[in-house]
Each structure stands twice: as structure tokens, then as C-alpha cells.
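For reference, the structure discussed in these notes is given below.
The values are calculated or read from the model by the stated rules, or taken from the named source; none is laboratory data. Computed from a predicted structure; not experimentally measured. Here the Cβ is made from the backbone with ideal geometry for all residues, glycine too, and neighbour counts use every protein chain on show.
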Amino acid sequence: MAETTTSTNSGGDSEHGATSEAQPDVRRMSDPTEEIIDYARKTYRYLRIAIVAMVLALILSMIFEWLDAGDWLQSISAYYFTAVNPIFIGSLIMIGICLIAIRGTTDFEDIVLNLAGIMAPVVALVPTAFPNGDYAGYLFKPDVDRLINNSTLSLLVAAALAVALAFWLASRFSNQDISRAAIPVNTWIGLVLAAVLIAVLFMIFLAQGQQAAHNAAAIGMFAGLWMVATENVVRYVTDDDGRRSPEAALYAGIGGSLPLLGLALTIVGGWHLYTGENSAAVWLFITAAVSIALVLLSPELVEGAGRFVAVLRAGDWYRRYYIMIAAWMLVAGVAIPLLPVEWSHRTLYLELLQLIPFGIFWLVQTIENWNQSVEHFDYRLEPSAPHAAA
């Protein structure tokens, strides 16, 4: 009897022990897919919030420097040589890392974010030339060329090696696990474009110097965000059959953007005409007319422009915010450099009018996608209420 009892208890203990060991695993992995998605969702939240925080930190650092020194510098990049330096470099490098880490909802968005992420640290580590004039807040200039050369070359060589490593890992391990699909063509396209971008920036830096490399990286980074903001609207455009397609989105993006470009050029041309600079005004008016004519002479672009407007009318407020951000960046990026005004802080105004909508875009992205699933946008799916999870 005792033996039976012992055997029973032993068996019961064994079963109970096995059950007690298995229960936590079963409970934790009852829905592994949803759990993984939840981890990814939280990661994306923190990445987006980090971008917003870094933009805010950079602007606040510039304000504190202004309160201390009593004057504004001519560009954001000039603050590289002031007490803003640690925040300037750190925030842009962190923004670049976040842009690379965030997986875009579409392949196009993902590639553009990665390329913009490569350019952000270049903007940080390759400032403009040392500004002329007296400014009480300058901290250093000695050996600044050595500093820039060292950090820039280190960054670009490390980036090139990272892309080479990604190439090798993708080709070496992509097909070893039969549960995983082969590396898609868009991944290879992204890696090739990243390698080309690094090579181009490297050659610009060596051939043209820090000013040219800084300008190229800054323009490329903000142009990338402009494309991402526009793509967040036009991805919901449908073709004649009522289906989404990349082609319809492309025509809508171009058809909707060229008239905005023409409008900006027309405004600037009118200002030149008002100030008596007639020759400049004529060229601006011609360029504006060409940009609008390109739309009017192309049935695809006319149709795309109409679909672009239709998406804005039918879409939610997120779509409207994205297009306002994209329009803001496009008009400011074209108008401010061309306005016939003697602004000593022209570059500062231009950069702020790109940086501020940059931060607003990621704030809106954070709000829109806070509780959304992390998924890949599929143009082949039937249209639904627009709400991307980029």
C-alpha cells in the first residue's frame, strides 16, 4: 500500500512537475506571433519618440545658446563650433540610427529611410566651413580640419564595411533556413544604393571639401523625408480598377508635387519682379510654367493629380498632415534660397523650416501608429480606410 502510494505520489509529482515546468512556457508563448508583434510595436514607438526628442533637444540647445550668447548664428550647422556641439552631433547620429532601424511600411519608404539615416551622421560630423565674423559663443577652431577629417573618414569607412557585411550576411545565410524566403530584390537594391551613396559622399568630401559634402548630405536627408511624407499619402491612391498600385502612387506623387513646385516658383518670381530683378523673374516664371505644363501635357499626371486630391478629400487627418508637411518642406526648400532678400540668417531659416516639419512628421507618425500592428503595406490588397502602420 505504501509502495502504491509512493508510486502514485511519485507519478503525480512527476506529472505535476512536468506541468508546472511547461505551464510558464505555454502561457508565455500561447500566441508567439502577437507577442513578437507587440515587442516590435513597442520598439517602433521608442524609435519614433527618440527622433522627436532629439529634434526637440537640438532646438532647445540652440535656444539656450542664444540666451547665453545673445545672438543667432547664420545656420544650424554653425552651432557645431559652440556649446551646442555635443547635442548637435549626438542628436543627428541618433536620428540617423533610428531612421535606419525603423522598417518602412513599403519597400520604397524603407530604402529612403535607410539612405536618409546614412546621411544624417554626415550632416553632424561634416559641418559647414567655420563662420566668419565675431561670435561670443565659439568654443574652438584649432585643428578643426583634423577633427572633421578624422570623424568623417571613420564614419564613411565604417558605413562601407557595414554595407559590405550586410551583403555577405544576406548572400551567406538567406536560404539556409527553409522557413525563410530568399532575400527580396528590394533588399539588394537598398544595399546597392547605400553603397553608391557612401561612395558618392566620400568622393564629394575628398574632391569638393566639407562644405559640399555637408550640403549634399543635408539636402539628401531632408529630400528623403519629403519623399516619405508624400509617399504616406499617395500609397492609398487607386487605379482605374479600384486597386492600389505603385504606378498610380508614383503618378499621383509627381502630379500633386509639380503644381506645388510651380506655385512656389511663381511666388518667388513675383517677388523678384517686384524688386526689379526682371531677368531672374523671367527664368523663374519659365521654370514654373514648365513644371505645370509637364502635368497638363501628360494624361497620366493629370489623372494622378486628380487622384492625389481625391485621397486628401477622402483620407483621414493623418494624410492631410503628411501632405501639409511635404508641401511645407517643398515650398520652403525652393522659395527661401531664391527669395531676393538680404537675410543674414537665410540658411538658418531654411534649415529650421526643414527641421521643424521633420520633427512634426515623426510626432504624427508616433500618434498614428501607437497601437497599430507592424506590417508590410501591400499594394495588392483591396483598398480600406487609410491608416498606415509605417
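Only residues that are crowded, with 20+ Cβ neighbours inside 10 Å and assigned to a helix (DSSP H, G or I) were counted across the stretch 76-99, and they come to 12. Checked against (1) under 21 Å from ALA223 (Cα atoms); (2) surrounded by fewer than 22 Cβ atoms within 10 Å (Cβ to Cβ); (3) in contact with a helix residue (DSSP H, G or I) (Cβ under 6 Å, 6 or more places away or on another chain); (4) not aromatic (Phe, Trp, Tyr), PRO246 meets all criteria but (3). Those helices (runs of 4 or more DSSP H) of the stretch 281-390 in which 1 or more residues are at pLDDT 85 or above, within 16 Å of the chain's Cα centre (by Cα) and of a type in the set (Gly, Ala, Ser) occupy 317-338, 346-368. ASP241 fulfils the conditions (1) farther than 21 Å from ALA160 by Cβ; (2) in contact (Cβ under 8 Å) with a residue 24 or more places away in the chain; (3) of a type outside the set (A, V, I, L, M) except for a single criterion, (2).
Kindly indicate whether any position in the stretch 282-302 is in contact with a His (Cβ under 6 Å, 6 or more places away or on another chain), surrounded by fewer than 20 Cβ atoms within 10 Å (Cβ to Cβ) and not aromatic (Phe, Trp, Tyr). No, because not a single residue in the stretch 282-302 is in contact with a His (Cβ under 6 Å, 6 or more places away or on another chain), surrounded by fewer than 20 Cβ atoms within 10 Å (Cβ to Cβ) and not aromatic (Phe, Trp, Tyr).
Of the residues ALA223, ALA216, ALA212, the single one that is crowded, with 20+ Cβ neighbours inside 10 Å and farther than 17 Å from GLY306 by Cα is ALA216.
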